[in-house]
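Right, one structure below, let's go through it.
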Amino acid sequence: MRSASDLQFVPIVDPPQKPPPEWLVALGRFLGNIFAGIGNAIDWALGWLVAPIARFLSQILGLNARTIEIALIVLAGAGLLWAAWVLLWPRWLARRTAPKPVPEWTPDTNAALALLEDADALAAAGRYDEAARLLLHRSVGEIAASRPDWLAPSSTSREIGANPRLPWRARAAFTVIAREVERSLFALTGLVREDWERARAAYAEFALADKATESR
């Protein structure tokens with residue numbers, strides 16, 4: 001049997017293991033000191049706080065001091081968990097339910113410039129009411145075509161101005177334009193040039209954003 005080459009009779013010696021890196025040793029020592037400190041704090045709390053209270057209650061209630069001590073520890077742990085829940089749960093819930101940021105969106109630059117050109121032509125003829133309504137209706141159509149999930153078919157201009165799903169630039173523009181259009185329709189007073197210029201500036205700020213090019 002000893003002459004057989006497929007049998008092993010010599011004990012296998014494990015190769016020497018490399019010592020762990022110094023940073024891992026330092027990390028273990030650091031964590032050990034932390035846990036040792038926590039353990040000392042718990043021992044102090046048990047020896048100087050829980051134990052005297054347990055002995056005092058055992059004399060009053062006639063129960064075993066060790067039983068009361070365990071009950072106090074359980075109650076203290078439950079109190080800590082409850083405090084953590086009260087402090088952390090509202091923050092987690094607020095973060096979970098916080099509205100997602102609305103992505104910025106502006107109409108196509110060429111389409112916006114073409115709309116301003118058509119509206120300016122109406123305003124140049126003194127038809128300020130029609131120019132403002134053109135800005136409102138066509139810009140609503142641009143949003144409905146590009147972001148149909150932002151608008152409902154029955155959305156009014158005032159609802160659009162308050163819709164939190166729209167970018168803030170769009171809401172601000174629609175608020176101004178809708179106010180001028182509603183005044184021209186329901187107040188029985190036609191818009192003047194200053195009214196039109198307010199509506200136009202609101203649309204240009206929304207549609208062209210920070211672009212330097214603006215149709216005149």
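The values are calculated or read from the model by the stated rules, or taken from the named source; none is laboratory data. What you see is a predicted model; the values in this text were computed from it and never measured. Note that we place each Cβ from the backbone using ideal geometry, even for glycine, and neighbour counts take in every protein chain shown.
A few points about this structure:
- In this structure, residue 200 qualifies as modelled with pLDDT of 85 or more and closer than 22 Å to residue 109 by Cα.
- Residue check for residue 158: in contact with a Ser or Thr (Cβ under 9 Å, 6 or more places away or on another chain) and modelled with pLDDT of 75 or more: no
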